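Heads up: the structure comes next, in structure tokens.
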Ligand code: P1T
């Protein structure tokens, strides 16, 4: 008899990361899920097939990843997409022209651009509010509000939203709470435990962890809502290829090994920066000087490797960005290698300058994604760059 890991078994996070969603391959028993490079599946007779008809609708490699991440988030249904952005776009297709969405005012620049430059013109309306304050979410609710979308911690300002409070306000208004859990990952934060309805990721980041693919993932608990997103996934077709799914699946197997190291390096680098430029300039939820440190400590079990620092001027920012040798100047985050970036001209360039200024995404702001290298080397690299 084939031994099959029971996804419903009460197991630890690491065991789920390695096993959940995966079955020995039926032909030879290969322990690793194969990359099913196929566009279609041969049917035995008209209407008689193995549950697979066409690879936009279903692919076994993709399904393994979907089940795996769903198990890590504590959800029931996972849906993989071609990018984190395609994932948000498909989630928004749950709504209709005339519907109102409340969105955190600090989110990834591409999420804002999708809403403001594309979806708004299709009849969805968006209010951008500071979701750190649940009162502001409540005040923005209208009879047409269908969803509240938050990132926590936010990119790049590391703002924290109290998910339980946000869920309460959203549900009172008859709206869904949608959470971008990319920065925290399910290793440090489980939005479903706080009442979220949809949790999504750019799997490009920590879940893959090796900076070698682009992908997105939505996880849901409600069967009826999941059925609608399954329809959208197939009907709109923003699906990832099987090789990218396989890379992401390889990544999640070590999520529980990588995240503690990202967190440890993040804490050490944040402490070094706070000492060097003053805690008021360093934005990291793990620092006691972070205005929402207490909430972060309550809601998350770790803080990860993302840190922002305001160096005051673009010139000072550029000097540091161009002098690091281990932290590479690049967009993206969450890989094993450390990256450094300039949100105002890179990830958040699509946010209008006056809006950026109002939020605090200044020209002097730099963002670090601490990888899992040796901490002594990371600190020496910063020491050199800040000299
Ligand atoms: O890049 P993509 O896979 O489409 O994911 C979009 C996305 C969604 N949500 C968050 C919180 C993100 O950070 C991103 C992508 N962010 C970057 C590319 C970046 O460097 O911040």
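Any read-out appearing in this document is the output of simple, stated calculations on the displayed coordinates, not a laboratory observation. Keep in mind it's a predicted model, so treat the numbers as computed, not measured. Because the Cβ atoms are built from the backbone with ideal geometry, glycine has one as well, and the counts that use them run over all protein chains shown.
So here's what we get for this one:
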read-out: Förster-model FRET efficiency, 25 Å R0, residue 261 and residue 193, C-beta, rounded to 0.05; value: 0.55
read-out: Protection-proxy order for peptides 279-286, 102-109, each taking the mean of Cβ atoms within 10 Å per residue, highest first; value: 102-109, 279-286
read-out: Calculated log₁₀ intensity ratio I(q)/I(0) where the Debye formula runs over C-alpha points of the range 96-143, q = 0.15, 0.20, 0.21, 0.33 Å⁻¹; value: -0.38, -0.66, -0.72, -1.17
read-out: Extended-chain gain in nm, criterion 0.36 nm per residue less alpha-carbon gap, residue 235 and residue 297; value: 18.3 nm
read-out: Normalised contact order of the chain, rounded percent, pairs of Cα under 8 Å and 6 or more residues apart; value: 17
read-out: Alpha-carbon spread of the range 255-386, three principal axes, descending order, Å; value: 39, 34, 27
read-out: Segments 8-15, 374-381, 233-240 sorted - mean Cβ within 10 Å per residue, highest first; value: 233-240, 374-381, 8-15
read-out: Gyration tensor (Cα) of the range 38-151, equivalent ellipsoid semi-axes in angstrom; value: 35, 16, 13
read-out: Relative packing of 324-335, 202-213, 141-152, which averages over residues the other C-beta atoms within 10 Å, highest first; value: 202-213, 141-152, 324-335
read-out: Among 51, 251, 29, residue whose mean-square fluctuation peaks in a GNM of the chain (springs only between Cα atoms under 10 Å); value: 51
read-out: The chain: mean projected area of Cα convex hull, nm²; value: 19.8
read-out: At 1.002 mPa s and 20 °C, Stokes D of the range 184-242 from Kirkwood alpha-carbon radius, µm² per second; value: 167
read-out: Sites residue 315 and residue 125 - FRET efficiency at Förster radius 56 Å, r taken between beta-carbons, to 0.05; value: 0.90
